Each structure stands twice: as C-alpha cells, then as structure tokens.
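Enquirer: So that we are looking at the same thing, I have put the structure below in structure tokens.
The values are calculated or read from the model by the stated rules, or taken from the named source; none is laboratory data. In this text, all values refer to a predicted model and were calculated from it rather than measured experimentally. Virtual Cβ from ideal backbone geometry, glycine too; neighbours counted across all protein chains shown. Heavy atoms of the whole protein, side chains included, go into the accessibility calculation; ligands, DNA and RNA do not. Shrake-Rupley method; radii C 1.70, N 1.55, O 1.52, S 1.80 Å.
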Amino acid sequence: MQKVNIFDIEGMEFPAGRRTRVILGDNGAINGEYFCQGYVVIYPGGSVPQHAHETVESYTVLRGQGLMTVADETQPVREGDLVYMERGKPHSLTNTGDSDLHMMFVYAPKMVVDHWAQEQSGTLR
C-alpha cells in the first residue's frame with residue numbers, strides 16, 4: 001500500500017491564482033503507472049487558464065463555484081459537478097465565487113503536461 005495525505009503535499013503556486021498538488025503521476029507524491037491525479041485550490045478570481053493537451057481529463061468540483069469552458073461551451077459549475085474533456089479540447093476553469101474553489105483532476109495517459117511550465121514562465125495566462 002502506498003498512502004499520502006494530500007494536505008502534506010506542498011504543491012505549486014501558479015500565477016493565475018491557484019495551488020496545485022500532484023498526488024499521483026510523474027511529478028507526484030506517488031508515481032503511478034497509468035494516470036495523473038491532483039488536488040487544486042483556485043482562489044477567488046483565480047483560474048486554470050485555457051489550455052489543451054493530448055490527454056483526456058476530468059475535473060471534479062469538491063467545493064465552491066466557477067465557470068468551466070470546454071472548446072466553445074461555457075457552463076457554471078459547483079460542488080459535485082464532474083466535467084470530462086476529450087483530448088485536444090481547449091478548456092479552462094475560473095473561480096467566480098468569494099471563497100476558494102477546490103477541484104480534483106485526473107488525466108491519462110500519465111505525463112507532465114506542458115501548460116504548467118508555460119504558465120510558470122508567463123507565456124500562458
């Protein structure tokens with residue numbers, strides 16, 4: 001058994017206003033075999049900026065509310081909502097509430113996606 005508490009993972013602060021903790025994956029606390037999983041806290045007004053990648057992905061909103069855009073469709077999301085994104089579809093999530101939005105992501109296949117480095121370098125906002 002491999003076990004980790006997500007709150008023991010320091011994670012990374014991103015300029016768009018969030019902290020991402022990778023639980024499982026190449027750059028995670030546990031290096032799983034097939035997929036990546038992480039826990040994200042998006043601060044009020046913050047976001048996961050629009051990006052696309054070759055992996056399929058899901059976001060599950062655990063707490064808070066926001067606006068989710070996939071391709072050309074935007075819908076409000078709230079706790080309990082799961083959104084699935086097909087590979088190559090541009091997507092973003094913005095916290096529209098006055099408290100933190102907590103979200104879990106899962107994507108496959110397991111890899112380190114490009115948009116994290118792009119955002120850290122300031123080329124993705």
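Enquirer: Can you send over the solvent-accessible area of Phe105, 1.4 Å probe, protein chains only, in Å² to the nearest 10?
Expert: In the full protein context, Phe105 sits at about 10 Å².
Enquirer: Give me the dipole magnitude in Debye, nearest 20, for the chain about the Cα centre, with unit charges on the beta carbon: positive for Lys and Arg, negative for Asp and Glu.
Expert: 120 debye
Enquirer: Related question: Please find, in a Gaussian network model of the chain (springs between Cα atoms separated by less than 10 Å), the residue of Gln50, Gln75, Gln65 whose mean-square fluctuation is greatest.
Expert: Top of the fluctuation ranking is Gln75.
Enquirer: So, one more: Would you mind telling me the share, in percent, of accessible area of the chain contributed by carbon and sulfur at probe 1.4 angstrom?
Expert: Heavy-atom surface of the chain belonging to carbon and sulfur, 1.4 Å probe: 49 percent.
Enquirer: Can you show me the helix-derived [θ] at 222 nm for the chain, built from DSSP H runs with n ≥ 4 at -39,500 (n - 2.57) apiece and divided by the number of residues, rounded to the nearest 500.
Expert: The helix-only estimate for the chain comes to -1500 deg cm²/dmol at 222 nm.
Enquirer: If you don't mind, another one. Can you give the net charge of the other residues whose Cβ lies under 14 Å from the Cβ of Val83, counting K and R as +1 and D and E as -1?
Expert: Charge balance near Val83 sits at -3.
Enquirer: Using just the Cα positions, wrap the chain in a convex hull and report its mean projected area in square nanometres, one decimal place.
Expert: 7.2 nm²
Enquirer: If I model a spin label at Gln75 and Ile30 as a point 7 Å from the Cα along the Cα→Cβ vector, what separation in nanometres do I get?
Expert: So the two model labels end up 3.0 nm from each other.
Enquirer: Remind me, relative contact order of the chain in percent, using alpha carbon pairs under 8 angstrom and six or more residues apart?
Expert: Relative contact order for the chain comes out at 29 percent.
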